[in-house]
Each structure stands twice: as C-alpha cells, then as structure tokens.
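Notes to accompany the following structure.
The values are calculated or read from the model by the stated rules, or taken from the named source; none is laboratory data. Given the structure is predicted, the values throughout are model-derived calculations rather than measurements. FYI the Cβ positions are ideal-geometry reconstructions off the backbone, even for glycines, and counts take in every protein chain you see.
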C-alpha cells in the first residue's frame with residue numbers, strides 16, 4: 001500500500017526532544033512500522049524529524065513547537081496562529097497528493113476534514129482526544145461533523161472512547177495504542193519512590209499526587225511540563241508551594257529515552273480529573289515493570305488489571321465506576337492503594353512487576369498495534 005500520514009501538530013518525530021507528545025510518537029511509530037513491513041509511507045512532518053523507513057515530506061518547514069515554544073506562555077494567540085498556518089499547509093499538501101496514495105492516515109481531523117471533499121483516496125483518523133464532546137459541542141463543530149460525516153472514518157483508541165464518539169463520529173475500529181518494547185528496558189526491581197508523569201496542570205492533578213505521597217510519607221518525583229499560562233497561574237502558584245517540600249523532586253521535562261529510565265519507581269500515580277481516552281504513560285510505566293495507581297476514569301480500567309498490574313480507585317463515592325479491590329474512594333483510596341503496593345513482600349512485588357510487563361506484551365505492543373492498523377487499511381482500500 002501507499003500511505004500518506006499526517007501527524008498531530010508540528011512536533012519533530014524521533015529526535016528525542018525534551019517534550020511530552022504521545023500522539024506525535026504514536027504517529028511516527030505507526031508510520032515507521034508500516035514502512036518497515038514494505039509499505040510506501042510518506043509522513044508530512046517537521047523538517048528535523050528523523051525517519052529511517054518512511055519518507056519525510058516537510059517542504060522545508062520546521063517545527064512550530066521547537067521554534068516558538070516560549071510563545072505558548074507569553075503570547076499563546078501568536079503561537080496558535082502559526083500552528084494553524086502550519087497545519088493548514090500540511091493538510092492542503094497531503095490532499096493535493098492524495099491521488100498518489102491508497103489511504104491517508106491522519107491524527108487530527110479539525111483541519112484536514114475541511115479538505116476531505118477533494119481527497120482521491122479514503123481518509124481515516126486516529127482520534128486522540130479524551131473527551132469527544134468537546135469536539136462537537138459548538139454549532140460550527142456540529143456542522144463540520146455533519147457535513148463531512150460520510151467521508152470521515154475514525155479509529156477509537158479504547159472501548160470507552162468508541163462509546164463516546166458514536167454516533168457523531170463514524171467509527172470503523174477500536175485499536176489500542178502500542179509501545180515498541182525493544183526501546184523500553186524492563187526493570188525487575190524498581191526504586192522506592194512514587195512517580196508522576198504528565199503535564200503539571202489542573203486536569204492531571206499533580207497536587208493531589210503530592211498530597212498522597214505526603215500522607216503515606218514517601219518521596220515523589222514529578223516529570224512533565226509546568227504550564228505557566230495565564231489561565232494556569234493560580235494553580236501553578238499553589239503547586240510551587242508543594243514542590244518546595246523536601247520529599248518532592250520536580251525534574252521538569254525529559255526526552256522519551258530519559259523518561260523510560262525514570263520509570264524505575266515503586267509505582268506510578270495517575271489521579272487524573274478528566275475521562276482518559278487511553279493513557280500512554282500507563283503502558284510506558286507497566287512496560288518497565290512499574291505498577292500504576294489511578295482513578296477509574298475513561299479507559300483506565302481497560303489498561304490496568306486491578307490488583308495485578310496496580311490498583312484502580314473510584315474518584316468519589318457518588319462517581320463509582322466499578323467494584324475495585326480498594327473500596328475507599330478519592331484521596332483516601334489512592335493512599336490505600338499506594339500503601340498496598342509498598343506493603344507487598346519482595347517476591348509479590350517482583351511478580352507484580354513481571355505481570356505489568358506481560359500485560360503490555362500481550363495487549364499493548366507496537367507489533368500488535370501495527371497488525372491491527374495494517375489489517376484495517378487493507379480492508380478499507382479493498
């Protein structure tokens with residue numbers, strides 16, 4: 001097959017930049033993997049991207065994020081204008097070339113969908129949003145989805161997300177994300193600290209993660225970008241007070257390879273406030289052997305096996321999502337789950353780490369993900 005790929009945003013692919021960009025990494029992994037299997041794959045991405053198997057189509061355009069990252073905080077409107085310009089350029093370019101492809105795989109429908117009437121091959125989108133309602137709550141968004149519904153095919157990344165996408169989106173399959181296990185070293189022992197990985201903002205609740213660590217009297221390490229936007233200013237001010245605790249270490253943003261090494265922790269805590277569409281950090285942690293404690297939001301119960309690869313906690317008594325091993329809810333439930341993992345014997349803890357790796361091998365490997373996408377693309381172009 002000849003495949004055109006349009007990643008989300010303008011990040012460079014596979015340059016090991018210090019940035020958290022799971023959708024970009026996934027787009028590159030799928031493109032490179034399919035090219036390695038003999039398909040002709042063109043990737044419309046920023047000029048510093050490092051591809052070994054697929055062909056880069058950059059048109060000399062560099063990454064907006066790499067060039068103007070500081071504008072995200074001090075002039076977000078300017079940054080957004082440049083990002084929209086970049087995305088429209090790439091969207092128009094791949095549509096103009098669509099006659100060369102058997103299928104186009106895109107990772108952001110917001111721009112490309114407006115060009116879909118001119119496509120000369122099927123378009124399929126992998127949807128990376130956590131809460132699809134935000135993409136069709138306004139009249140203009142509803143009009144877009146209605147107008148281009150027939151020509152816009154979507155891949156959901158979890159059963160939870162598929163249920164949220166339908167019927168507004170035409171979902172053709174559910175394909176779980178996968179990770180290249182050859183790039184992720186298994187760590188059979190782990191360290192004694194709690195780990196938090198993700199953007200340091202209100203939706204990820206790093207403040208709650210810190211308070212749980214304080215409650216159970218354990219060290220916590222936080223990795224991720226601290227957003228200093230105006231809308232996040234009050235939250236950051238409160239968070240910075242917590243970060244001064246001697247038992248708290250804020251590392252900042254790391255490259256992907258550095259993050260894999262940093263996953264050598266006792267456990268990962270993931271107390272998100274929103275309905276998680278999938279959660280790449282969950283499978284990254286488990287791939288290294290690190291169990292996860294997380295709220296039962298969105299697709300999280302599909303990823304974690306309760307009591308085997310970590311513990312799932314209901315965020316509140318009123319918002320119970322299941323009958324989990326830990327019966328306490330909210331912060332109390334998180335604390336109990338964390339303490340359960342610390343209380344495991346050495347043998348039991350090693351077994352849990354091995355179970356984490358095996359679950360990723362069985363359900364969330366890159367090879368399984370590539371099998372699923374290849375099978376779907378062949379079906380769609382038949």
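Would you tally the residues in region 161-180 being more than 19 Å from residue 107 (Cβ to Cβ) and at pLDDT 95 or above?
So the first thing to find is which residues in region 161-180 are more than 19 Å from residue 107 (Cβ to Cβ), and the list is 163, 166-167.
Narrowing further to those that are at pLDDT 95 or above: none.
Residues flagged as more than 19 Å from residue 107 (Cβ to Cβ) and at pLDDT 95 or above within region 161-180 amount to 0.
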- request: For residues that are surrounded by 16 or more Cβ atoms within 10 Å (Cβ to Cβ) and at pLDDT 90 or above, tally how many sit in region 64-78.
  value: 1
- request: Please find, among 294, 328, 332, the residue that is closer than 28 Å to residue 346 by Cβ and free of Cβ contacts under 8 Å to residues at least 12 places away in the same chain.
  value: 332
Residue satisfying condition, being touching a strand residue (DSSP E or B) at 6+ places or on another chain (Cβ under 6 Å) and either within 25 Å of residue 176 (Cα to Cα) or crowded, with 18+ Cβ neighbours inside 10 Å (or both), within set 86, 44: 44
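Just name the residue that is surrounded by the fewest Cβ atoms within 10 Å (Cβ to Cβ) out of those in region 148-180 that are free of Cβ contacts under 8 Å to residues at least 24 places away in the same chain and under 18 Å from residue 121 (Cα atoms).
150
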- prompt: In region 1-41, which residues are surrounded by fewer than 20 Cβ atoms within 10 Å (Cβ to Cβ) and modelled with pLDDT of 95 or more?
  reply: 1, 2, 36, 37, 38, 39, 40
query: In this structure, does residue 371 turn out to be part of a helix (DSSP H, G or I) and exposed (fewer than 15 other Cβ atoms within 10 Å of the Cβ)?
result: no
task: Report, by residue number, each residue of region 25-39 that is out of contact with any helix residue (DSSP H, G or I) (no Cβ under 9 Å at 6 or more places or on another chain) and over 13 Å from residue 369 (Cα atoms).
output: 35, 38
field: Count of region 187-209 residues which are in a loop (DSSP other than H, G, I, E, B) and touching a residue at least 40 places away in the same chain (Cβ under 8 Å)
entry: 13
- prompt: Filter region 300-322 for residues that are closer than 30 Å to residue 175 by Cβ and modelled with pLDDT under 95; which is surrounded by the fewest Cβ atoms within 10 Å (Cβ to Cβ)?
  reply: 322
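Tell me, which helices (runs of 4 or more DSSP H) wholly within region 48-144 include 2 or more residues that are over 29 Å from residue 33 (Cα atoms) and touching a helix residue (DSSP H, G or I) at 6+ places or on another chain (Cβ under 9 Å)? Walk me through how you get there before you give the answer.
Values: elements: 64-68, 71-74, 76-96, 109-112.
Answer list for region 48-144: 71-74, 76-96.
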